[in-house]
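Written below as structure tokens is the structure these notes are about.
Values quoted throughout were computed directly from the atomic coordinates according to the rules given, and no laboratory measurement underlies them. Fair warning: this is a prediction, and the values are worked out from it, not measured in the lab. Quick reminder, even Gly has a Cβ in these numbers, built from the backbone with ideal geometry, and neighbours come from all protein chains shown.
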Ligand code: SF4
Ligand code: SF4
């Protein structure tokens, strides 16, 4: 039985592009009080860098579930599917 997020992510094959398919609005993220994206992402893609006051996006780990697009407090996150031949493949259906 799969116990934790790292084990679950190991069941997914990822072919990341060189460019992110998730593009946050830098100014909106600075002004965002809730930072919902940090809490809804099942893959831990988003981290807030307090020193730089910017969102770190580890798009390579994205599972393409779409939750961050819906949850973005400012509705300003640009969300696209990765280009053809990039992104994830679910190995177990
Ligand atoms: S919820 Fe949206 S605006 Fe807020 S930090 Fe995340 S991406 Fe930026
Ligand atoms: S689409 Fe899903 S997995 Fe990808 S960054 Fe958004 S919440 Fe995380």
**Message:** How high is the relative contact order of the chain? Use alpha-carbon pairs under 8 Å, at least six apart in sequence, and give a whole percent.
**Reply:** 41 percent
**Asked** So what's the back-of-envelope 222 nm ellipticity for the chain, counting only DSSP H runs of four-plus at -39500 (n - 2.57) apiece and dividing by all residues, rounded to 500?
**Response** -4500 deg cm²/dmol
**Prompt:** With the contact rule set at Cα under 8 Å and sequence spacing of 6 or more, what percent relative contact order holds for the stretch 25-78?
**Reply:** 40 percent
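For a quick protection proxy, order the peptides 62-72, 42-52 by their average other-Cβ count within 10 Å, most packed first.
The packing order, highest mean first, is 62-72, 42-52.
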**Asked** So how do 84, 15 line up by other beta-carbon neighbours within 10 Å, fewest first?
**Response** 84, 15
